[in-house]
Amino acid sequence: MKSKSPKPLYPLNSVKKLIRDNKVNFHWDAIHAFEDFGWKSDEIKRCLLKLNDKHHVDDPIKNHFYKTELHRKERVYIDVYKAVDIMEGNDVYTYLYIDQYFDRLVVYSFQELDKNEMRTLQR
Amino acid sequence: MKCALCNGRLINKFESIEFNSKSIGKMLVPELKFTECQDCKDKIFTPEEFDKAIDFIDKKEKEAISNLPIKDFITANEAAEMLGITKQAFSKNYKIKRGLIYSVKIGGKKYYHKKSVELFKEKNNGKFLISRQELYINYGEEIVRKVQKTIYTKTLIVGTPKTSDISIESNVPSSGWRFLHQTGKKGLKNAYH
């Protein structure tokens, strides 16, 4: 029997609702979005609204959710997404979590998916 | 207020932050409001402050690009040809529109930096470090060293190098070099008179 695919810890519906309500904060590392794609906060938010929660391993081209991992400080879990050709032809690698205390989405990291990995996926 | 990542104390700050730009290297982004954890030093920004930082970086990068020698820029047709795409596809490309190929506007027409086009073809991102040497390569080692010293002085004061002065300084008579330690117009004026 096939095991059930993992799902993000923070349901995408909740994540997208926070984005629509403009309850989003950015970690300084997310500034790579500008270096890698020329994007500002609006483009990042538009891109996040396009994410799906299907497991990336099942279909690396169409599915975005990759894994949930414990942050190194071991107090918070972070959802990791890898999205190929998600917006404007870009491949995105992003880390997100919801700060429960402030009820805000935090974009912890937002950068281009590694090129070597892309080549592996396209094979 | 506690940090979600480490439970450290969060404090509101209003200060400059160092950023390592792909185009111009280390720079200071001034006067940003953010929340910092006293323990893990993680910095969190609202979308408005995040965009403010990006606008500043973008402006400084554009200033540096506009100081690159004009001979290194090519037309959109030539750039499209280099990339092996039509001019239409070139002008519609989102990444190019977003500035991933260095460009300048002269007389309402856009020109693209040749090296940046080559890099874009190879890596899908035409950003590269516009080094000081790249701008002053023709002026000899000693001059470069002196100019770099001037830029460094300015960097400490205003946060990023202002390369626009340098093309003028390259014409400074040799006797004027002793004034190069002075920054801005004052140094230039003294060098000439």
Check: When segment B:32-54 is examined, which residues are found to be assigned to a strand (DSSP E or B), crowded, with 16+ Cβ neighbours inside 10 Å and more than 7 Å from every other protein chain (Cβ to nearest Cβ)?
Finding: B:L32, B:F34, B:T35, B:E36, B:C37
Checklist line | A:F34 vs. criteria modelled with pLDDT of 95 or more, in contact with a helix residue (DSSP H, G or I) (Cβ under 9 Å, 6 or more places away or on another chain) and of a type in the set (F, W, Y) | finding: no
Notebook entry, point to check: Can you name the helices (runs of 4 or more DSSP H) wholly within segment A:9-123 that have at least 1 residues being at negative phi and within 9 Å of chain B (Cβ to nearest Cβ)?
Noted result: A:32-37, A:41-48, A:115-122
Checklist line | Members of segment B:81-95 that are out of contact with any strand residue (DSSP E or B) (no Cβ under 8 Å at 6 or more places or on another chain) and surrounded by 17 or more Cβ atoms within 10 Å (Cβ to Cβ) | finding: B:L83, B:F90, B:N93
Next item on the list: Could you list all residues from segment A:13-29 that are out of contact with any helix residue (DSSP H, G or I) (no Cβ under 9 Å at 6 or more places or on another chain) and within 25 Å of A:D58 (Cβ to Cβ)?
Entry: A:N13, A:S14
Checklist line | Every residue from segment B:16-31 that is crowded, with 20+ Cβ neighbours inside 10 Å and facing another protein chain (nearest Cβ under 10 Å) | finding: B:F19, B:S21, B:S23, B:V29
Note to self: surrounded by fewer than 20 Cβ atoms within 10 Å (Cβ to Cβ), within 14 Å of another protein chain (Cβ to nearest Cβ) and modelled with pLDDT of 90 or more: which single residue out of B:L68, B:L100, B:L119 fits that description?
What the structure shows: B:L119
Item checked: The lone exception for B:I57 - which of (1) assigned to a helix (DSSP H, G or I); (2) away from every other protein chain (no Cβ under 14 Å); (3) touching a residue at least 12 places away in the same chain (Cβ under 8 Å) it fails -> (2)
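The values are calculated or read from the model by the stated rules, or taken from the named source; none is laboratory data. Everything numeric in this text was worked out from a predicted model, so none of it was measured. Methodologically, a virtual Cβ is constructed for each residue, glycine included, from the backbone with ideal geometry; neighbour enumeration extends over all protein chains shown.
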